[in-house]
Amino acid sequence: MMYVPKVAVLFGFGINCDHETAAVFDMVGGSSTRVHLNSFISGLDSLDNYDILAVPGGFSFGDHLGSGRLMGNRMRFSLRDELTKFVGAGKPIIGICNGFQVLVKTGLLPGPEGNVPDFVQRASLTLNDSGRYEDRWVTLEFNPDSNCIWTRGMTQIDCPVRHGEGKYVMPNRDKLTKLAANNQITVRYIDPENTKLEPNAVLPFPKSPNGSMMNIAGISDSTGLVFGLMPHPEAIYAQWLHPDFSRGTAPKVKSQLEWEGQGLQIFRNAVDYVISNN
Amino acid sequence: MQITRVEATPKSGKGLRDVRGDIVRRRLAADHNISMTEVRSIVGFLINSDISSEDISSRADDLFADPIIEYSTTNQTFLQSPEIFSDTPDAVISVGFKPGVTDNPGKAALDGFHTIFPEADINSDISTYISYVFYGINNQTTPEFLASTLYNSLIERAVIADTNMCQAGDWPMIEYPEKPPQVFKEPSPINLEIDDDDLIEISETGLLALNLEEMRAIQAHYRDAQTQHSRRAIGIVDDRPTDVELECLAQTWSEHCKHKIFAAKINHTDLETGEQSVVDSIFKTHIMKPTHDMQNDVDWLLSVFHDNSGVIAWDDEWSVCMKAETHNSPSALDPYGGAMTGIVGVNRDILGTGLGARPIANTDVFCFGPPDWQGDIPDNLFHPSRVLRGVHSGVRVGGNESGIPTINGAIVFDERYLGKPLVYCGTVGIMPRKLPDGRESHIKTPTAGDIVYMVGGRVGYDGIHGATFSSLELTEESPSSAVQIGDPITQKKMLDMLLEARDAGLITCITDNGAGGLSSSIGEMAEYTNGCRIDLAKVPLKQSGLSPWEILVSESQERMTVAIKEEDIAEFEALAALHEVEATAVAEFTSTGMFHVQFGEATVAYLPIEFLHDGVPQLQLESEWSPPHHEPFIPPSKTDHNQLLLDLLARPNIASKETWVRQYDHEVIAQTAVKPFVGVERDGPADAGVITPIHGNPRGLVVSCGIAPRYSDIDAGAMAAAAIDEAVRNAVCVGVDVDKIAGLDNFCWPDPIQSVKTPDGKFKLAQLVRANRELERICRAYRLPCVSGKDSMKNDYGKGLDKISIPPTLLFSLFGDHTDVRNIATSDFKHPGDKVYLVGESYDELGASEVSFMLRERDIVSGIGGNVPTLSNPDKFFKSYRSLSSAINSGIVNTAHDCSEGGLGVTLAEMCIGGRIGATIDIDGTGDCPLFSKLWGESLGRIVVTVSPDNDAKFLEAMSGSTTTYIGIVDDSDKLNISDGFDPIITMNVSDMVQSWQGTLDMSGGEL
């Protein structure tokens, strides 16, 4: 029988995309459990019991003191050893939206060279240049040279962003250049009608919804196992969730699920990765 | 304990900016036309703790500042730092909270503080402030004016440094807000053996909102020998109420909680027809009875009226529920806090339904004064643009942070909402039909002996007298304690925890703490077992010194009341601890028949449950209808219809609300199939929201609404009919199953009780009677049960001649089933060549239309009177709705959009805008009425539809028997061409229509 990877979907303290994040892993052959952060901290449950960790979107601690900060601190100070072990064991982690912010503030993304996290924050996600929280659909382009296991084979998808603090900043230009050279810039906002634009110039609003440096939508760590992004691929798990669906022009996907949307492949990639390593 | 000040401010540099400051700069430009070169911001934290300033300083970058993008400083203000603030600003304004006001960033910071300093004193506290630093202000703009746009003196304080002070380095310093100690007051007896004037005096000075008859009923209760006997036995003053009892009765009997006007016996006179009749409770007669009649015919109405929301069976496994509330008075005084508590409050109604439902969608409908209002503003109230911003921001934060998508809503403008904005917040919930332990989740199962917990937030001085306050008109002296700021994260933690408790089978009964606080929540639940005993001394408080009556009636937010079996207590408390949710046993259910309240050992209230809930005397009211007189609307003889179309598209009531609505998360939970925006550029208006709540299942739930307040100017009955018809049509446009739709009636009325301060009370009450008669007639015809509703009956500002009363307003919300969202229609025109049909027909009904109001405001016409849209044959309408819905469900309809404000002309324009495509339309034959009525009239029952030529025959067959008129074709001309027979009427570029439609309510302050 095929191995069924166990997925821990974190919740609590204002995370709010836990239900759909759990659902999409289940659709692609995983077995997900929503686990309260405190269950890991208190020892009621252990990260050892899982193959994949997902930190979903939401508003942990209301984004006060900076999005992802307080949740990141809880993980940084109370779950340090467990997370080090999890990453060291080569187990995939994804952070979506608030989850991405948490991973960046925790220091897991972009992280140091190698697979030993040092929990040092190297970048930040800050207020959108527009000053507004917005829910709007964007087009994403994936880096074909990335070693990220989550994005294998993916080229371009549409999905929504829903954030007020999604602008990726790394004021140290050398570090940003290195991030790009390492192919850790996994996914970027693009203008689908004008893909020939200078790739590093910041796209105009709203093609880039937030003014991110180098149009960064998501990054991975050096191992390609830890991945985070601001947009919500789980929100396009089905074609009927695409805004063009009623016009008959929503992108189709080849899949056994005839209604599959473009975002599901990200989660399938991680589940397949775990299966192939078991 | 000592106070440490920490400040953080954004770093500058390539690609970095001070967005918080920028928001203020752009808002001042948009709302007040004030320009300046720059605004910078500083966030401050005042930490009251036993941890030393040195230790805090050494960890400041771990908590208070993000070292990648911010600087931090400890025990000084950045303004003193020449490296970071090198130029001298023109003004600095620091804004902090008043003592006792909910400070969410402070609460979050405190949580983070304990993560970093686990050894810190448990009574540590953190308060926050923001300083805005202004550069390049013009001379006409005073710092005082700038401050007035930045804070609300009811809940916040501001410290200002003007140019001179800035130059002298005299910086504003917000200090730590020490909470003044509350004075604990022992419960005291209140003598009611006094004359009538004094009884009223007690009610008025105590903000009790009880009338003379009600005061007398209370007086009579304490004269009763039996009462006195039982009170002596329990050891409480026997012949008079305690203040706890009187407050408890006032909350429970308030208009807000008891809906006394809807329950009143009304002598109704119709001077138009000569009718004389008696209505014994509008609610029972016109709302409850029809729904109960329908309940006999269907099996899916699971729970109506008695719970916190109405529940319907959705499929075999799941049921869905919906509730809408208003939060008008608090939103008038503090738009942000009032609206936020509105949305998180109605979320709790869903959590408190049955044994607990999960909120999955929100709706927001607002009524405001005109955003560009130039006239006077009533004392103590805000300009409509500020109300709009504040209310919007409150529901945005409340909804987004709670992880509940806002999928449907509306914003309506009329100058009478200056005195009282209406803030309707609705929530849809879902729950499994059966819990793992086999209980049906929509039925509460408490028994005597169950332990009652207060869960979530603590009780504070904030939120005292909300229920009674909202039962009075707004005045300059309206109390600040009635205003609160919500805390969505505390509530989200509670919600997560309680839904786990539900699934673990721990909950026997649950309800929310809203109006009336514990007094209402425990009091209402105690009806199930016929009794309860509460110990107020056990209730956790935000600040010490609250008196027993204050603890009992405080409406402090984010609290649920939950009953647990004694054997499940340990498991319940462990779950609460895991989620870091405060849960305290404060009461138990009994079967004594008494609402028994203690403070420690002492009994402070002892009221029979029956008297508490059923003792309020029925109001006896008079209503009298005579049709209001209006100058008739006579269309101008010469009209440039092209310009009229652009002008109408720019009207706030019609214009795009995208700037505002896009800031709501409308698709969290990954279920929103039809979003608020549709079309090529995803900016066309959607008619209804559609969600697929079960992941992987295309079965949908449709949510829509209807509102038409201005029709009340002519006839409130027509207003109600129009609201219901609009809600139904909006749902039909996406293909709702018309055999499974349920409605919610939310009435907001001006005070309809005849009195010195309301000399036209009889008329306003007659409007209410007419509205409800129409509600019954239309709902019966549409087989549309009302499963929940609410009324807010004192929407006036001031008294006498200066009084501003809102137009009587019914919001009708609808939720219904959709078998498969893959067969759906949206409002945007799709493909060139698609055929355009009008379902329904136009009549000569321009009374109270948007075009009539617009032309009257411009002095082009003198009146808005005439025929208001009426619904003379609802059965016929419903038949065509059923046919159209089936056609949409069979996948043969591309586009459907209803006609409402601005009539057919605006509807067609919106369809072009959504599709960014043109159309050629002939409106000849769409109704036996003049051109003006066909084009701009708002007759009900009309939907514009497109079908591809391939499906034309099938569509016409499906619609046979319904009035369906071919009116034209979608084409690639990029123009909307409308003719009336051979007469060309309109030729307008789509891009011009987009521009007019999107400009009015943008209000974003220009380019970044």
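The values are calculated or read from the model by the stated rules, or taken from the named source; none is laboratory data. The shown structure was predicted, so the numbers you read here are calculated from the model rather than taken from an experiment. With ideal geometry, Cβ positions are generated from the backbone for all residues, glycine too; neighbour counts draw on all protein chains shown.
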### Task
Sort out which residues of the range B:118-147 are in contact (Cβ under 8 Å) with a residue 24 or more places away in the chain and within 11 Å of chain A (Cβ to nearest Cβ), and write them in order of number.
B:ILE126, B:THR128
### Message
As an exercise: evaluate B:ILE3 against (1) touching a strand residue (DSSP E or B) at 6+ places or on another chain (Cβ under 7 Å); (2) over 30 Å from B:LEU1001 (Cβ atoms); (3) within 14 Å of chain A (Cβ to nearest Cβ) and give the number of the one condition it does not meet.
### Response
(3)
## Note on the structure
Screening B:GLY112, B:GLY100 for residues that are within 14 Å of chain A (Cβ to nearest Cβ) and either within 28 Å of B:LYS542 (Cα to Cα) or crowded, with 18+ Cβ neighbours inside 10 Å (or both) leaves only B:GLY112
### Task
Would you mind stating whether A:GLY66 is in contact with a Ser or Thr (Cβ under 9 Å, 6 or more places away or on another chain), in contact (Cβ under 8 Å) with a residue 60 or more places away in the chain and of a type outside the set (Phe, Trp, Tyr)?
yes
### Query
Which is surrounded by 18 or more Cβ atoms within 10 Å (Cβ to Cβ), touching a residue at least 60 places away in the same chain (Cβ under 8 Å) and more than 30 Å from A:LEU10 (Cβ to Cβ), of B:VAL562, B:VAL586?
B:VAL586
### Summary
Just one listed residue, out of B:ALA65, B:ALA8, B:ALA91, is within 14 Å of another protein chain (Cβ to nearest Cβ), buried (at least 21 other Cβ atoms within 10 Å of the Cβ) and closer than 16 Å to B:ILE174 by Cβ, and it is B:ALA8
### Message
Any residue in the range B:725-752 that is not assigned by TED's automatic domain parsing to the domain that holds B:ASP817 sitting within a Cβ distance under 6 Å of a residue that is at pLDDT 95 or above and among the charged types (D, E, K, R)? List the pairs, counting only those 6 or more apart or interchain.
### Response
none
#### Entry: Cβ-Cβ under 7 Å pairs, at least 6 apart or on other chains, the range B:240-261 side in a loop (DSSP other than H, G, I, E, B) and of a type in the set (Ser, Thr, Tyr), far side surrounded by fewer than 23 Cβ atoms within 10 Å (Cβ to Cβ) and at pLDDT below 90
B:SER254/B:ALA209
### Query
In the range A:55-84, what count of residues is obtained for those that are assigned to a strand (DSSP E or B) and more than 12 Å from chain B (Cβ to nearest Cβ)?
1
### Query
Any residue in the range A:233-246 that is without any contact (Cβ under 8 Å) to a residue 40 or more places away in the chain, in a strand (DSSP E or B), within 14 Å of another protein chain (Cβ to nearest Cβ) and in contact with a helix residue (DSSP H, G or I) (Cβ under 9 Å, 6 or more places away or on another chain)?
yes
### Message
For the structure I just gave you, tell me whether A:VAL87 is more than 9 Å from every other protein chain (Cβ to nearest Cβ), among the hydrophobic types (A, V, I, L, M, F, W, C), surrounded by fewer than 24 Cβ atoms within 10 Å (Cβ to Cβ) and more than 30 Å from B:ILE694 (Cβ to Cβ).
### Response
yes
### Residue satisfying condition, being assigned by TED's automatic domain parsing to the domain that holds B:ARG770 and in contact (Cβ under 8 Å) with a residue 60 or more places away in the chain, within set B:PRO685, B:PRO636
B:PRO685
### Message
Being farther than 18 Å from B:ILE137 by Cβ and among the acidic types (Asp, Glu) narrows it down to one residue among B:ASP50, B:ASP22, B:ASP87; which is it?
### Response
B:ASP50
### Task
Run down A:LEU140, A:LEU103 and say which single residue is closer than 22 Å to A:ARG162 by Cβ, touching a Pro at 6+ places or on another chain (Cβ under 8 Å) and touching a residue at least 60 places away in the same chain (Cβ under 8 Å).
A:LEU140
### Task
Those residues that are β-branched (Val, Ile, Thr) and modelled with pLDDT under 95, I need them from the range B:361-386; list them, please.
B:ILE377
### Query
Scanning the range A:197-232 for residues that are assigned to a loop (DSSP other than H, G, I, E, B), more than 10 Å from every other protein chain (Cβ to nearest Cβ) and touching a helix residue (DSSP H, G or I) at 6+ places or on another chain (Cβ under 7 Å), which turns out nearest to A:SER124 (Cα to Cα)?
A:MET230
#### Entry: Odd one out for A:LEU108 among (1) modelled with pLDDT under 95; (2) out of contact with any helix residue (DSSP H, G or I) (no Cβ under 6 Å at 6 or more places or on another chain); (3) within 26 Å of A:ASP51 (Cβ to Cβ)
(1)
### Task
Could you run through the range B:678-700 and say how many residues are within 7 Å of chain A (Cβ to nearest Cβ), surrounded by fewer than 24 Cβ atoms within 10 Å (Cβ to Cβ) and within 20 Å of B:CYS912 (Cα to Cα)?
1
### Query
If you go through the range A:90-107, how many residues are closer than 22 Å to B:ASP665 by Cα and either at the interface with chain B (Cβ under 9 Å from one of its Cβ atoms) or in a loop (DSSP other than H, G, I, E, B) (or both)?
1
### Query
On the given criteria, is B:PRO82 without any contact (Cβ under 8 Å) to a residue 24 or more places away in the chain and assigned to a loop (DSSP other than H, G, I, E, B)?
yes
### Task
Could you check, for the range A:252-273, whether at least one of its residues is in a strand (DSSP E or B), more than 14 Å from chain B (Cβ to nearest Cβ) and aromatic (Phe, Trp, Tyr)?
no
### Filter result for the condition that a residue is crowded, with 24+ Cβ neighbours inside 10 Å, under 29 Å from the mean Cα position of the chain (by Cα) and either of a type in the set (A, V, I, L, M, F, W, C) or not assigned by TED's automatic domain parsing to the domain that holds B:LYS434 (or both), over B:ILE510, B:ILE534
B:ILE510
### Task
Might you let me know whether the range B:971-991 holds any residue that is assigned to a helix (DSSP H, G or I) and either of a type in the set (Ser, Thr, Tyr) or over 25 Å from B:PRO874 (Cβ atoms) (or both)?
yes
### In the range A:1-39, the residues that are in contact with a helix residue (DSSP H, G or I) (Cβ under 6 Å, 6 or more places away or on another chain) and among the hydrophobic types (A, V, I, L, M, F, W, C)
A:VAL7, A:VAL9, A:LEU10, A:PHE11, A:PHE13, A:ILE15, A:VAL24, A:PHE25, A:VAL28
